1. Provide Rg and Dmax in Å for region 108-168, with only Cα atoms included in the calculation.
2. Which one of PRO233, VAL190, THR27 has its Cα pushed farthest toward the positive end of the charge dipole of the chain, where Lys and Arg give +1 and Asp and Glu give -1 at the Cβ?
3. Relative contact order for region 17-162: what is it in percent, counting Cα pairs under 8 Å that are at least 6 residues apart?
4. Take the Cα atoms of the chain, find their three principal axes, and give me the spread along each one in whole Å, biggest first.
5. Once the piece of chain linking THR109 and ASP271 is laid out straight, how much longer is it, given 0.36 nm per residue of separation minus the C-alpha distance between them?
6. With a cut-off of 8 Å between alpha carbons and a minimum separation of six or more residues, what is the relative contact order of region 1-88 in percent?
7. How about region 89-150: which trypsin sites (Lys or Arg not before Pro) there lie in a loop by DSSP and see at most 13 other Cβ atoms within 10 Å?
8. What ³J(HN,Hα) values, in whole Hz, does the Karplus curve 6.51 cos²θ - 1.76 cosθ + 1.60 give for region 140-146 when θ = phi - 60°, with x put for Gly and Pro?
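Quick note: the coordinates plus some simple rules give every number you see, no bench work behind them. Please read all numbers here as calculations on a predicted model, not as lab measurements. Don't worry about glycine lacking a Cβ; one is built from the backbone with ideal geometry, like all the others, and counts go over all protein chains shown.
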Amino acid sequence: MEQRQLGNSGLRVSAIGLGTMTWGRDTDEHEAAEQLRIFSESGGTFIDTAASYCDGDSERVIGGLIGTMIPREEVVIATKAGIVGREIDNSRGALLRDLDESLKRLRTTYVDLWQIHAWDPTVRLEETLSAMDIAVNSGRVRYVGISNLSGWQSARAITLQSAATGAGRAEICATHNEYSLLNRKIEKEVLPCSQNLGVGVLAWSPLGRGVLTGKYQNGIPADSRGASPHLGPFVANYLDARSKQIVTAVTTAADGLGAAPLEIALSWVRDAPGISSAIIGARTSAQLRGALRSNDLVLPDLVRSALNDISEAGD
């Protein structure tokens, strides 16, 4: 699998990342171990998690696997801080406390990439960013990033952390945002901001929360995320008429290229301008295998152009 430089930093991540939002809840430890094995054997190195995923259980599962299945130095672990339950707290104390708890659960002395999970309007941005400086200067974090911020919020944070603003600044090298054929909103401001300021983009939910696999074309399968009480509303946002039209176009392209719809959708995101890694959160190892088959797929220009056109309206 291709390894890509994350923005202007020296950190390299695999073009497809392993998402672990369901690890410890919908994905048990045995299934997680199998996913990690498959991902590693395919050349994947980038693992994405967060302190809030499954109330910390995602990090606990990862911590139990790294070092036993795969040497720590062979993986890039990214985690996030600032969300506890449904509350956002980006105060310096809360963020550094989250980091220390993450390190304990992950059973490691450092994380490769530490990200602020969301914007907190109640805390001065300068205080939030100071936690990044402390984390990097203490050796607990190698690189820092931001997550789910708007264009102006991203530009403000990245600029404040620029080395030009003072010694000891931990420069932001990544932004973590949703991006798929069903949601291209970051193309307006976040992508231009990132490209102009030398920051890599980590795209989450490149399969449109699973809808672009085509599994919801004839209803909601009983064993799908769309049918689960905690993820059903998350998926429901993309079960509208516009999404159905895009899924139909993806399915048509897949038939023409002899590929699965998820391979088409994932390849579109993975090779979009400015994207460093497309993060896949598979519920099962079978789903992950299907996604990894996209490693060898490069969309023809005509197909990419057609998908661009059909998905552009409404963004």
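1. Final numbers for Rg and Dmax: 11.6, 34 Å.
2. Result: VAL190, furthest along the dipole toward the positive end.
3. So the answer I get is 20 percent.
4. Projected onto its principal axes, the Cα set of the chain covers 54, 41, 35 Å.
5. Length gained between THR109 and ASP271: 55.0 nm.
6. This gives 29 percent for region 1-88.
7. Of the trypsin sites (Lys or Arg not before Pro), the ones in loops of region 89-150 whose Cβ has at most 13 other Cβ atoms within 10 Å are ARG124.
8. 3J(HN,Hα) across region 140-146, in whole Hz: 7, 9, 8, 9, 10, x, 10.
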